[in-house]
1. Inside segment 1-105, counting only strands (runs of 3 or more DSSP E) that do not spill past its ends, which hold 3 or more residues that are within 17 Å of the chain's Cα centre (by Cα) and not basic (Lys, Arg)?
2. Give just the number: which of (1) over 25 Å from LEU153 (Cα atoms); (2) more than 12 Å from the ligand (Cβ to nearest atom); (3) modelled with pLDDT of 95 or more; (4) surrounded by 14 or more Cβ atoms within 10 Å (Cβ to Cβ) does ASP58 not satisfy?
3. Being closer than 30 Å to GLU22 by Cβ, among the β-branched types (Val, Ile, Thr) and out of contact with any helix residue (DSSP H, G or I) (no Cβ under 7 Å at 6 or more places or on another chain) is the requirement here; does VAL192 meet it?
4. Need pairs with beta-carbon distance below 6 Å; first residue under 21 Å from PHE187 (Cα atoms) and within segment 21-49, second in a loop (DSSP other than H, G, I, E, B) and away from the ligand (no atom under 16 Å from the Cβ); sequence gap 6+ or separate chains.
5. Would you check if ASP68 is within 14 Å of the ligand (Cβ to nearest atom) and buried (at least 21 other Cβ atoms within 10 Å of the Cβ)?
6. Can we say GLY77 is out of contact with any strand residue (DSSP E or B) (no Cβ under 8 Å at 6 or more places or on another chain), within 30 Å of HIS137 (Cβ to Cβ), of a type outside the set (Phe, Trp, Tyr) and surrounded by 13 or more Cβ atoms within 10 Å (Cβ to Cβ)?
7. Given ALA173, ALA168, ALA164, ALA182, which one is crowded, with 19+ Cβ neighbours inside 10 Å and either over 30 Å from ASP124 (Cβ atoms) or within 20 Å of the chain's Cα centre (by Cα) (or both)?
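The values are calculated or read from the model by the stated rules, or taken from the named source; none is laboratory data. Owing to the predicted nature of the structure, the values given are computational and were not obtained by experimental measurement. As a convention, Cβ positions derive from the backbone with ideal geometry for all residues, glycine included, and neighbour counts pool all protein chains shown.
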Amino acid sequence: MKIIFATNNAHKIAEVESVLGEGFSLSTPRECGITEDIPEEQPTLEGNASQKAHYIYDRTGRDCFADDTGLEVEALGGAPGVHSARYATDGHDFAANNRRLLKELHGVGNRRARFRTVISLIIDGEEHLFEGIVEGHIAQCESGGGGFGYDPLFIPEGFDRTFAEMSADEKNAISHRGRAVAKLVEFLHNRVK
Ligand code: IMP
């Protein structure tokens, strides 16, 4: 079964392909002739995942899925949320985003936060949404050199280390994206049975 994953991020493709297993192969938008940036202009993760999947489906007519992720901090009313990539600047400046987050939480006692991923799958013309959440809290300072984004600040519940201090396998086993992808994979495996 061939499915388009609406990302040109090779790391994400490899991660999902490794859990999909035999019988599935993923293509990128670029491989299908879509070279422009895929719009994500919606105010929610669900809206953005859905917009990206529909963008691909409308142009190819093929089964496809898209994901969107945000870090939701309780004391900040769910921010940065859908704006996680561009929290501090217009670009994807991870270091600046982390500095801003620490500044916003300076002196704040409640540091509860969660990562949330939403995947929109369009298969046989029908849309299905899958959600993955990992609860945790924001550390007082950055630790660890692994991962990306807010990983050096995020300590998942039940651990005393940040995501950036974990191996990729350890993080994937409990992460928001890992959990959303597991639901997608279960759905696809049941579908082709
Ligand atoms: P995307 O929807 O996967 O592109 O994620 C949007 C933004 O959320 C990224 O630019 C990162 O800032 C942040 N983010 C997403 N996933 C993770 C993660 O696993 N760890 C840390 N930050 C993440």
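1. Values: elements: 2-5, 25-27, 64-73.
Output list reads 64-73.
2. Of (1) over 25 Å from LEU153 (Cα atoms); (2) more than 12 Å from the ligand (Cβ to nearest atom); (3) modelled with pLDDT of 95 or more; (4) surrounded by 14 or more Cβ atoms within 10 Å (Cβ to Cβ), only one is false for ASP58: (4).
3. Answer is yes for this residue.
4. PHE24/MET1
5. yes
6. On the way: out of contact with any strand residue (DSSP E or B) (no Cβ under 8 Å at 6 or more places or on another chain): yes; within 30 Å of HIS137 (Cβ to Cβ): yes; of a type outside the set (Phe, Trp, Tyr): yes; surrounded by 13 or more Cβ atoms within 10 Å (Cβ to Cβ): no.
So GLY77 fails the test.
7. Numbers: ALA173 fails: crowded, with 19+ Cβ neighbours inside 10 Å; ALA168 fails: crowded, with 19+ Cβ neighbours inside 10 Å; ALA182 fails: crowded, with 19+ Cβ neighbours inside 10 Å.
From the options ALA173, ALA168, ALA164, ALA182, the qualifying one is ALA164.
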